[in-house]
Amino acid sequence: MVQRGFGTVLVDEADHILIDEAATPLIISRKKDNPLLQQAVRMAADWAARLVPDQDFRLRHQFRDVELLPSGEAKIRSWAQQELPKGILRQEVWRLDWVRQALVATYFF
């Protein structure tokens, strides 16, 4: 049996091809000012800069990652109680993750 050539092609998951699998991903976004986000990022970066390597966090070079140690988590908790303005970084899990990301950016990028 021989099939004729196809006249139409249906592409499913086009967003997957354009965004997820592209060598240079297609970014669909626009700039939007978000002062609370900017303040949260600055605060996380400031706290990350105050932490002491090998005392408050451990660098995991093979994974390009950072592990917060209990003393570092305690310091971040203390700073959050003293310094946090209302409305930003209120969830502890987010707070710790943002500081960890700031440390990764500082030491690996």
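We did not get these values from a lab; they are worked out from the coordinates using the rules stated. None of these values were measured; they are calculated from a predicted model. In this analysis, Cβ positions are derived from the backbone assuming ideal geometry, glycine residues included, and neighbour counts consider all displayed protein chains.
Quick notes on this structure:
- Relative to the current alpha-carbon distance between Q39 and D54, full extension at 0.36 nm per residue lengthens the span by 2.7 nm.
- FRET efficiency, 1/(1 + (r/R0)^6) with R0 35 Å, evaluated for R30 and R64 via beta carbons: 0.70
- The alpha-carbon of K86 sits under 20 angstrom from the alpha-carbons of these lysines, leaving out residues fewer than 8 places away in its chain: K75.
- Our estimate of slack between S78 and V93, defined as 0.36 nm per intervening residue step minus the Cα-Cα distance, is 4.0 nm.
- q = 0.16, 0.23, 0.24, 0.27 Å⁻¹, the stretch 68-109: log10 I(q)/I(0) [Debye, one scatterer per Cα]: -0.41, -0.79, -0.84, -0.99
- In sequence order, calculated HN-Hα J values of the stretch 41-48 (Karplus, 6.51, -1.76, 1.60; Hz; x Gly/Pro): 5, 4, 5, 4, 5, 5, 5, 4
- Space enclosed by the convex hull of the alpha-carbon atoms of the stretch 32-108, per residue, Å³: 92
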